[in-house]
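Take a look at the structure set out below.
The values are calculated or read from the model by the stated rules, or taken from the named source; none is laboratory data. Computed from a predicted model, the values in this text were never measured in an experiment. Here Cβ is always computed from backbone atoms with ideal geometry, including for glycine, and neighbour counts include all displayed protein chains.
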Amino acid sequence: MRIDIQAADRVGITQDILAILSNANCDLITTEMVQGHVFVNMNTGPLSFGQIKGRLFELIDVTKVLEIDLLPAEQKQKHLNVLMQRLPDPTFDIDSNGKILLATASAAKICQQNIEDLEGKNLADFIAEPLSILLGKELSTVEVNVLRQPFQAEITPVTNHEKLTGAILVLRSPQRLGQQLSALQKSNDTDINNIIGQSAAIKAVMAKTLRFGKLDLPVLICGETGTGKELLAQALHQQGFDSDAPFLAINCATLAENLLESELFGYAPGAFTGAHRGGKPGLFELAAGGSVFLDEIGEMSTYLQAKLLRFLQDFTFRRVGGTKELKIKVRVISATHRNLETLASQGKFREDLFYRLNVLNLEIPALRERAEDIPLLVEHFVARAATQIDLPQPKVTKQAMQLLSQYSWPGNIRQLENLLFRSLALLDGDTLDVDNIQLPRPSERTSESGGGSATTDEQQSWQSAQSVFEKELLTRMYPLYPSTRKLAKQLGVSHNKIAMKLKQHGIGDS
């Protein structure tokens, strides 16, 4: 029987209550005292709750006696147990000798034990790492093996008056870490239905993506800078059978060779100076069962190309500084703005790796090749920018839309999005007109496109350079002076010449 005895708060009240229960031959199991309450768990023998209650009311200080299901400590423990079993990651609570005090259901599962059997055993029966590593005085993360399964253990020391009394170990498998990292990288626009465009060119790419998504084969995505290769890679992953598995991306052009190697393949404990003492899994381990997106694969060093080729042959590899052979199955999606076939013929990219990556191929058209999609993209980016800046969505004038539709966009979709965001950030009013759109001058095109574009030849003739200049000038000016006579007057040339040039470059209605 468990009861809650409420009484006046005075010195000796608890002793008086326990004396009454003792005189009634009650076998006390547990007692708890809180100000104004005495909680008791006891065996009352033949006495009923009513009889116990009557005896307790002999004390004038006792105001209420209630029968309860659990004592406060028992209720707290019950909730703690439920909480522990709901934790998705295997978790152990150990004392200073490594004895398991508490464990989650997931911890029992990886140890191949029942929870009741697991608690009370020593952690050393399941984890080979020395107890001294697991019982440090500071927060730490080390790699451990539980029955030969690798985990990253996050260790939180438990102390009492600065004395170490145990630790909490939370284990995360590489796959679990990969899912968490993938969730951080994932955006809300990864579904193929979020790819904006109605042109025949983009519809063809989307149709291929739907077909390729179901095939567990490497895919090479080609396209100029800023065309949305990573978005397409994410959509490809979402169409596959492994859509719930991790999708992890890395840009091969942003890291030095040694850093990129450790990011892709991980490293063993003590592999190099400054390395984490517990080692670190690489993206291939973290994305096991899912997809790894290698952006700008054309910038990868020849050494890493060889290591990647070996991995793609049988999906086995060793961590940097490691000796253990690991086997991981992932889907490799790569992307480049360069012509890998040309690089291979020049000896700058491994030909065998090119064929291994190029099993399936997706070619994303440049924005200038699907100009009919620009109004849809403008509407989407203007709405997004207005939301981010917390402004009412402005109206885009017909002249502004025509100006944006006729520009060549060497930086493609990324350049369009950045320009619209910048324009809205500086906008006064509720209308986006040509005066609010600052298209880059020809000399700025390279920097706008992110370092190069297929639209600008390295060697141009005088005539072709002049033609490019004329087209860009007329594209920019015609929406401001939308008639051949007005534009001719502004530029100081004849009406016939303007009419001829507009027709030559397909601008306006001429």
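Summary of computed values
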| item | result |
| --- | --- |
| Residue list for segment 478-509, restricted to those being within 26 Å of LEU432 (Cα to Cα), at pLDDT 80 or above and among the hydrophobic types (A, V, I, L, M, F, W, C) | LEU487, ALA488, LEU491, LEU502, ILE507 |
| Residue list for segment 428-477, filter: at pLDDT 55 or above, part of a loop (DSSP other than H, G, I, E, B) and surrounded by 15 or more Cβ atoms within 10 Å (Cβ to Cβ) | ASP433, ILE437, LEU439, PRO440 |
| Where PHE92 falls short, out of the listed (1) in the same structural domain as CYS111 (by TED's automatic domain parsing); (2) within 30 Å of GLN180 (Cα to Cα); (3) loosely packed, with under 13 Cβ neighbours inside 10 Å | (3) |
| Subset of segment 95-114 that is free of Cβ contacts under 8 Å to residues at least 24 places away in the same chain and farther than 18 Å from VAL158 by Cβ - its residue that is surrounded by the fewest Cβ atoms within 10 Å (Cβ to Cβ) | ASN114 |
| Residue count, segment 126-144 (criterion: surrounded by 13 or more Cβ atoms within 10 Å (Cβ to Cβ) and either closer than 26 Å to GLU285 by Cα or among the β-branched types (Val, Ile, Thr) (or both)) | 10 |
| Meets criteria (buried (at least 19 other Cβ atoms within 10 Å of the Cβ), closer than 17 Å to ARG318 by Cβ, assigned by TED's automatic domain parsing to the domain that holds LEU312 and at pLDDT 90 or above) for LEU283 | yes |
| Selection count, segment 65-98, where residues are farther than 24 Å from SER173 by Cβ and of a type in the set (Lys, Arg) | 2 |
| Residue selected from segment 191-217 under the condition surrounded by 16 or more Cβ atoms within 10 Å (Cβ to Cβ) and touching a strand residue (DSSP E or B) at 6+ places or on another chain (Cβ under 8 Å), by the criterion nearest to PHE381 (Cα to Cα) | VAL205 |
| Search result, residues across segment 58-70 that are surrounded by fewer than 12 Cβ atoms within 10 Å (Cβ to Cβ) and free of Cβ contacts under 8 Å to residues at least 60 places away in the same chain | GLU58, ILE60 |
| Checking ALA73 against (1) in contact with a helix residue (DSSP H, G or I) (Cβ under 6 Å, 6 or more places away or on another chain); (2) touching a residue at least 24 places away in the same chain (Cβ under 8 Å); (3) of a type in the set (A, V, I, L, M), the condition it does not meet | (1) |
| Segment 289-334 - residue that is of a type in the set (A, V, I, L, M) and in a strand (DSSP E or B) and, of those, farthest from LEU255 (Cα to Cα) | LEU326 |
| Cβ-Cβ under 7 Å pairs, at least 6 apart or on other chains, segment 414-426 side assigned by TED's automatic domain parsing to the domain that holds ASP390, far side loosely packed, with under 15 Cβ neighbours inside 10 Å | LEU424/ILE389; LEU424/LEU391; ALA425/ILE389 |
| Meets criteria (under 25 Å from GLY223 (Cβ atoms), of a type outside the set (Phe, Trp, Tyr) and either out of contact with any strand residue (DSSP E or B) (no Cβ under 7 Å at 6 or more places or on another chain) or at pLDDT below 90 (or both)) for LEU340 | yes |
| Residue that is nearest to PRO482 (Cα to Cα), among those in segment 386-414 that are assigned to a helix (DSSP H, G or I) and in contact with a Lys or Arg (Cβ under 9 Å, 6 or more places away or on another chain) | LEU403 |
| Among (1) under 51 Å from the mean Cα position of the chain (by Cα); (2) loosely packed, with under 15 Cβ neighbours inside 10 Å - the single one ASP4 does not satisfy | (2) |
| Any pair with Cβ under 8 angstrom, 6 or more apart, that starts in segment 143-160 at a residue that is aromatic (Phe, Trp, Tyr) and ends at one that is modelled with pLDDT under 90 | PHE151/GLU143; PHE151/VAL144; PHE151/ASN145; PHE151/ARG172; PHE151/SER173 |
| Per-region count, segment 343-369, residues touching a strand residue (DSSP E or B) at 6+ places or on another chain (Cβ under 8 Å) and assigned to a loop (DSSP other than H, G, I, E, B) | 3 |
| Evaluation of VAL219 against (1) within 24 Å of the chain's Cα centre (by Cα); (2) within 27 Å of LEU340 (Cβ to Cβ); (3) free of Cβ contacts under 8 Å to residues at least 40 places away in the same chain (one fails), failing number | (3) |
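For (1) in a loop (DSSP other than H, G, I, E, B); (2) in contact with a helix residue (DSSP H, G or I) (Cβ under 7 Å, 6 or more places away or on another chain), each residue gets a yes or a no:
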| residue | (1), (2) |
| --- | --- |
| ARG10 | yes, no |
| ASP16 | no, no |
| ILE20 | no, yes |
| GLU32 | no, yes |
| MET42 | no, yes |
| PRO46 | yes, no |
| GLN51 | no, no |
| ARG55 | no, yes |
| VAL65 | no, yes |
